[in-house]
Each structure stands twice: as structure tokens, then as C-alpha cells.
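Heads up: the structure comes next, in C-alpha cells.
Just so you know, all these numbers are worked out from the coordinates, no wet-lab data involved. Remember, it's a predicted structure, so these values are computed and weren't measured experimentally. Cβ atoms come from the backbone with ideal geometry, glycine included; neighbour counts cover every protein chain shown.
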Amino acid sequence: MKQAILDQLLADRAAKRAVVLVTDLSSGDGLLVYPAEDGSNGLDETLAAALDEAVRADRSTTVETPGGGVFLHVFNPPKRLIVVGAVHIAQPLARMAVLAGYDVTVVDPRGAFASEDRFPGMTVLSDWPDDALNTLAPDARTAVVTLTHDPKLDDPALEVALNSDAFYVGSLGSKKTHAARLERLRQAGFGEDALDRINGPVGLAIGAKSPAEIAVSILAQITERLRTDAT
Amino acid sequence: MSKDLNREATTSEATNHEATTGEDWDNVLEQAARWKAAGKGVALATVVATWGSSPRPVGSQLAVDDAGGFVGSVSGGCIEGAVVQEALETIADGKVRLLDYGVTNSQAWEVGLTCGGKVQVFVERLE
């Protein structure tokens with residue numbers, strides 16, 4: 001690999017820009033392709049189609065071509081987790097999610113909660129949840145979790161999340177709280193298919209009690225949605 | 001050039017403040033760039049294909065310096081020693097290498113994957 005390519009790749013990764021390193025496995029020649037910007041960048045049709053699929057599936061792969069193997073190394077930006085409610089559970093959840101490779105944003109309009117001190121190294125927004133979510137624009141590589149228990153904060157965030165491609169939507173609250181939440185969202189016009197996307201009560205049932213344990217159960221459920229087809 | 005393959009990866013400085021992807025705990029590419037900038041010979045090993053049960057996904061990387069120090073992983077530790085040796089050859093001769101490891105490999109008795117899977121590893125010098 002040429003050093004110039006490595007340097008550019010590192011810069012792209014730091015800038016969270018999606019890039020694919022295309023390497024000819026016979027010669028070692030490399031090429032950087034930006035799927036979101038310049039499409040296939042002169043690659044032949046088969047390779048271009050494989051590249052699109054690799055980026056979409058977030059999976060690097062080797063493609064056999066008449067000229068030998070070509071490796072498509074996908075460097076997608078980190079997956080994202082948006083946490084609404086800078087509450088106690090949010091602290092371990094945000095830290096664990098960073099370890100698992102997520103770019104974490106915590107949203108809470110209540111200034112005292114959303115302090116940078118409680119979430120070192122993470123993005124903390126004090127916007128209203130629907131404004132923040134609309135700006136962050138959750139996509140298929142984004143998980144959204146609401147933790148405030150407060151319908152004024154949770155519901156607007158859920159409404160944006162349910163209208164997005166977020167691969168995971170979860171909402172903290174007991175069965176009773178969740179039933180009431182679903183009823184409010186039903187009144188707001190959401191159908192059962194949309195409501196079924198909300199994981200609530202949030203997290204896998206592992207008997208979690210402490211904030212950190214609850215964070216484990218939530219992150220486990222997010223992982224399950226990401227890595228398996230269990231929906 | 002030392003071939004002391006038992007040497008642990010030595011550099012952990014400056015890694016705390018860099019973005020990790022969650023699948024790249026060692027910031028392998030950043031370390032490769034730092035070694036290169038320090039004037040060392042550097043090779044990169046990348047898992048380019050896997051079959052069956054394999055410990056690390058396609059795209060996993062190992063960076064090796066010319067003293068045999070390394071960061072990252074291409075398996076659960078089963079084949080790193082052998083890959084580092086090939087990487088040292090690559091640093092020396094500049095030729096890319098495509099290596100197969102698995103239970104069917106003739107070297108399985110010494111560097112096979114106990115999980116029964118197969119991996120293909122591409123090794124290249126950082127030019």
C-alpha cells in the first residue's frame with residue numbers, strides 16, 4: 001500500500017467519510033473509492049455492483065475477476081447511537097456503546113442533565129429531542145433509545161425515529177408505561193407495524209437491576225437487532 | 001532485522017485519544033503510519049476471505065514493523081506468529097503475499113486454526 005493512500009484513508013476515517021479501499025491482490029495496487037460521492041469511480045460494472053453491495057451490507061469482501069482477486073475493504077463511518085435522556089442509565093450505556101464501536105450522541109434539553117462532565121468525550125446536545133433527531137437524521141446504521149420516562153421528551157423523539165430507517169428503536173419504561181406510550185403514538189397516527197418497531201420495555205430480559213446492568217441488556221438487544229434477523 | 005516473534009506489541013502511546021471503530025482496538029492503521037513516519041519498514045496483513053468458523057471477520061488487520069512488533073489481529077492468536085514471519089519477508093522483498101490458513105493447510109499442524117475454519121490473508125509492504 002502506498003503511504004499516500006494510507007494517509008488519505010486515515011484522514012477519511014477521522015472525518016467519518018465512507019470510503020472503500022480497492023486492492024488488486026495480484027499486484028497490491030490500491031484505489032480509494034467514495035461510494036457516497038463519486039460512485040464507482042471507473043470500476044467495471046461487476047466490481048461496481050459488488051462495491052455497492054459491500055457498502056450497503058457493511059461487509060468487506062473479495063471479488064474474483066478475470067484479472068485475479070480484488071479486495072473491497074469497506075470503511076464505513078461508525079454506527080451511531082442516539083440516547084434521549086441524559087439520565088443515570090445513559091452514562092454506562094453511552095460508555096459501553098463507545099466500546100462497542102458506536103458514535104454516541106446524548107440528547108437532553110434539561111441543561112443540568114446534559115453536562116459534558118457526565119459524558120466525557122461524547123456529543124451532548126441540549127436541543128429538544130425532535131429537533132435534535134431531525135438534525136441527526138437516523139439512518140439504517142443508527143440506533144435510537146429514549147430513557148427520560150417523560151412523554152414530552154420521549155414521544156417527539158420516538159415519532160422522528162419511527163419515521164426513519166433506524167435499525168433499532170428502544171424506549172425505557174414498565175409494561176404499563178409502554179402500553180400508555182403506544183396508545184399515545186396510536187392517537188398520533190402511527191400504525192401497528194411502526195409501533196412494533198419499538199423495543200419496550202427496553203432491553204433483553206436478563207433480570208438487570210443496576211444502571212450498568214440495564215445498559216448491558218439494552219446494548220445486547222441493539223446488538224441482536226444489528227447482527228441477527230430476529231425482528 | 002530481528003525475528004523475535006514472541007515480542008509483544010510495544011506501542012500503546014497515543015492510542016487513547018484516537019477514534020476506535022470498535023473492531024479496531026489497536027488503531028492498526030494509525031500505528032502503521034506512525035512506524036512508517038519513524039523510518040521503520042512496515043507491512044500490513046489483512047483478512048480478505050474466510051470460510052466456515054473463523055475468529056476474525058474479513059477486513060481485520062495486523063500491522064508489523066521490521067523488528068517483528070505487531071498490533072491488531074487476523075485470528076484469535078492462532079496464526080499471528082506465522083503471519084508476522086511472512087510480513088517480515090514482505091518488508092524485506094516488497095512482494096505481496098496471499099496466504100491460506102486452515103485445517104486443510106499443510107502447515108496445519110503448526111499454525112492451523114483450531115476452530116476448523118479457513119482464512120486467507122493478504123500481506124503487503126507499506127511503500
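Of the residues A:Ser217, A:Ser115, A:Ser27, which exhibits the maximal mean-square fluctuation in a Gaussian network model of chain A defined by a 10 Å Cα contact cut-off?
Comparing A:Ser217, A:Ser115, A:Ser27 in the GNM, the peak value goes to A:Ser27.
For A:Leu133, A:Leu32, what ranking results if the residue with the fewest other Cβ atoms within 10 Å of its Cβ goes first?
Starting with the residue having the fewest Cβ neighbours, the order is A:Leu32, A:Leu133.
Based on the Cβ-Cβ distance from A:Ala140 to B:Glu127, what FRET efficiency comes out when R0 is 30 Å, to the nearest 0.05?
Calculated transfer efficiency: 0.25.
Using only Cα atoms, tell me the angle between helix A:90-99 and the longest principal axis of chain A; keep it within 0 to 90° and round to the nearest 10.
10
Count the lysine pairs in the protein assembly as shown that are 8 or more places apart or on different chains: how many have C-alpha atoms under 16 angstrom apart?
Details: A:Lys2/B:Lys36; A:Lys2/B:Lys40; A:Lys2/B:Lys95; A:Lys16/A:Lys79; A:Lys175/A:Lys209; B:Lys3/B:Lys40.
Lysine pairs meeting both conditions in the protein assembly as shown amount to 6.
Can you list the residues, at least 5 places off or on another chain, whose amide H is less than 5 Å from the amide H of A:Val106, using H built in the peptide plane?
Correct list: A:Val83, A:Thr123, A:Val124, A:Leu125.
For B:Glu80, B:Glu124, what ranking results if the residue with the fewest other Cβ atoms within 10 Å of its Cβ goes first?
With the fewest neighbours first, B:Glu80, B:Glu124 line up as B:Glu80, B:Glu124.
So what are the ³J(HN,Hα) numbers for region A:144-155, from phi and the Karplus equation (6.51, -1.76, 1.60; θ = phi - 60°), rounded to whole Hz, Gly and Pro as x?
Rounded to whole hertz, the list is 10, 10, 9, 10, 7, 6, 9, x, 5, 9, 5, 4.
Using the Cα centre as the reference, give the magnitude of the dipole from point charges on the C-beta atoms of region A:164-231 (Lys, Arg: +1; Asp, Glu: -1; all else neutral), rounded to the nearest 20 debye.
Dipole about the Cα centre, nearest 20: 300 debye.
Take A:Ala212 and B:Asp93, extend 7 Å from each Cα along the Cα→Cβ direction, and tell me the distance between the two endpoints in nm.
5.1
Using the Cα centre as the reference, give the magnitude of the dipole from point charges on the C-beta atoms of the protein assembly as shown (Lys, Arg: +1; Asp, Glu: -1; all else neutral), rounded to the nearest 20 debye.
Value, rounded to 20: 920 debye.
Which ordering of A:Asp24, A:Asp38, A:Asp154 is given by a fewest-first count of other beta-carbon atoms within 10 Å?
Fewest to most other Cβ atoms nearby, the residues stand as A:Asp38, A:Asp24, A:Asp154.
I'd like the orientation of helix A:211-227 relative to chain A: the angle between its Cα long axis and the longest Cα principal axis, in ° from 0 to 90, rounded to 10.
That helix lies at roughly 40 degrees to the long axis.
Given springs between every Cα pair under 10 Å in a Gaussian network model of chain A, which of A:Leu81, A:Leu153, A:Leu51 has the largest fluctuation?
A:Leu51
Would you please give the FRET efficiency between A:Thr177 and A:Ala14, computed as 1/(1 + (r/R0)^6) with r the Cβ-Cβ distance and R0 = 51 Å, to the nearest 0.05?
0.80
Given all pairs of different Cα atoms, what value in angstroms does the Kirkwood hydrodynamic radius of region A:150-197 take?
It works out to 10.9 Å.
Dividing the Cα convex hull volume of region A:3-75 by residue count, how many Å³ per residue is that?
Convex hull volume per residue, Cα atoms: 80 Å³.
In Å and from the alpha-carbon atoms only, list the Rg and Dmax of chain A.
Both quantities, over Cα of chain A: 20.2, 62 Å.
Under the rule of at least 5 residues apart or a separate chain, name every residue whose amide H is placed under 5 Å from the amide H of A:Thr65.
A:Val70
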